[in-house]
Amino acid sequence: MTNPPANLPTTNPVDKTPKTYSATDVTAYLVPLTGVLIVGASITTGAIAKAAVTATLTGAGIFIPSGTVLEFANGVLITTAADVTADADGEAVAIVAAPAAVPAGTAATYTNLLEIPTAEAVTPQLADNEETKQVHGRGTPIRVVNGKDLTATIRTLAGLDNPVAKRLWLKGLKKSPNNVERVLWVYPDGLALMATVNVGVGKRGQGPMQTMTTEHAAGLSGGLWAANLNDASPTWEAV
């Protein structure tokens, strides 16, 4: 083995090359319009027999809307058929007939963030136009706009058998304000954006030898917030 040179510098240089991130790692979620974000809450159940249509759920005062799918630790998926607040005493709720039995005390993790599935395009575009409002091409004193805007394309491969894709499709068929959703975008470098948007009608397309896609436009219709998840205590800052 060749000996290394004796006069090599003993301190390695600091590499200041910026980190790179993949844009395909951006994720998007539908989140509640009001209330708190529940990232992961433990929900336990009383015994559920196969084909049962009720369950008793226990939690720390967690509101669970109708249609929520809970995956319990034994792998059984239980779908709620009514709203329920799972408290410490346990609350009974109607469920879709259980596909299999679930033993008493079995836990599931609940979140009210609904990930938009297999999204091909989710990254929003931010635009600036903070000049005085233009009328017939001339600046006027009518008002000064806060020209922060956001538009996004949400394109997913999921079909209507997916509850999130179905929700977007049904919202897109309605007129404002009945098509309002709040969308959360999380970037791999720690940036998070949250916006209240109007969901556009779904455009469905396909090509030869291609998978069918569903595409929705999302335009800012309410508040827009940003947070840096790298901070010790991230907070939402209004844009």
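The values are calculated or read from the model by the stated rules, or taken from the named source; none is laboratory data. Bear in mind the structure is a predicted one, so any value in this text is a computation, not a measurement. Note that we place each Cβ from the backbone using ideal geometry, even for glycine, and neighbour counts take in every protein chain shown. These accessible areas exclude ligands, DNA and RNA; they are computed on the full protein's heavy atoms, side chains included. Shrake-Rupley method; radii C 1.70, N 1.55, O 1.52, S 1.80 Å.
Selection within segment 222-239: residues that are in a strand (DSSP E or B) and open to solvent by 60 Å² or more (accessible area, probe 1.4 Å). The member of this set that is nearest to residue 155 (Cα to Cα) is 225. Only residues that are touching a residue at least 12 places away in the same chain (Cβ under 8 Å), closer than 24 Å to residue 117 by Cβ and surrounded by fewer than 15 Cβ atoms within 10 Å (Cβ to Cβ) were counted in segment 15-26, giving 4. Filtered by the rule that a residue be in contact (Cβ under 8 Å) with a residue 12 or more places away in the chain, over 24 Å from residue 179 (Cα atoms) and among the small types (Gly, Ala, Ser), segment 211-239 gives a lone residue, 227. Screening 230, 178 for residues that are at pLDDT 95 or above and at negative phi leaves exactly one candidate, 230. Within segment 180-197, identify whether any single residue is farther than 14 Å from residue 29 by Cα, under 16 Å from the mean Cα position of the chain (by Cα) and buried (at least 17 other Cβ atoms within 10 Å of the Cβ), and answer yes or no. No.
Find all pairs meeting these conditions: Cβ atoms under 6 angstrom apart; at least six residues apart or on different chains; first residue within segment 30-41 and touching a residue at least 24 places away in the same chain (Cβ under 8 Å); second residue hydroxyl-bearing (Ser, Thr, Tyr). As it stands, the answer is 38/111; 39/111; 40/109; 40/111; 41/110, since those pairs meet every condition given.
For the structure I just gave you, tell me whether residue 220 is closer than 25 Å to residue 68 by Cα, out of contact with any Lys or Arg (no Cβ under 6 Å at 6 or more places or on another chain) and at pLDDT below 95. Explain how you work it out, then say what you get.
Values: closer than 25 Å to residue 68 by Cα: no; out of contact with any Lys or Arg (no Cβ under 6 Å at 6 or more places or on another chain): yes; at pLDDT below 95: yes.
Criteria not met by residue 220.
List pairs: first in segment 160-181 and without any contact (Cβ under 8 Å) to a residue 60 or more places away in the chain, second part of a helix (DSSP H, G or I), Cβ under 7 Å, 6+ apart or cross-chain? Close Cβ pairs (under 7 Å, with a partner that is part of a helix (DSSP H, G or I)) amount to 160/166; 160/169; 179/171; 179/172. For segment 119-166, the candidate set comprises residues that are polar (S, T, N, Q) and modelled with pLDDT of 80 or more; within that set, the residue that is nearest to residue 210 (Cα to Cα) is 156. Being under 25 Å from residue 118 (Cα atoms) and not assigned by the TED database to the domain that holds residue 66 is a condition met by no residue of segment 230-239. The residue pairs whose first member lies in segment 111-122 and is open to solvent by less than 30 Å² (accessible area, probe 1.4 Å), whose second member is among the basic types (Lys, Arg), and whose beta carbons are closer than 8 Å, counting only pairs six or more residues apart or on different chains, are 121/155; 122/155. With respect to the conditions (1) open to solvent by 30 Å² or more (accessible area, probe 1.4 Å); (2) within 16 Å of the chain's Cα centre (by Cα), residue 173 falls short on a single one, namely (2).
Restricting attention to strands (runs of 3 or more DSSP E) lying wholly within segment 25-128, give those where 1 or more residues are among the acidic types (Asp, Glu), assigned by the TED database to the domain that holds residue 191 and under 23 Å from the mean Cα position of the chain (by Cα).
Working: elements: 27-31, 41-45, 54-58, 62-64, 69-71, 77-79, 84-86, 91-94, 107-110, 119-121, 125-128.
It comes to 119-121.
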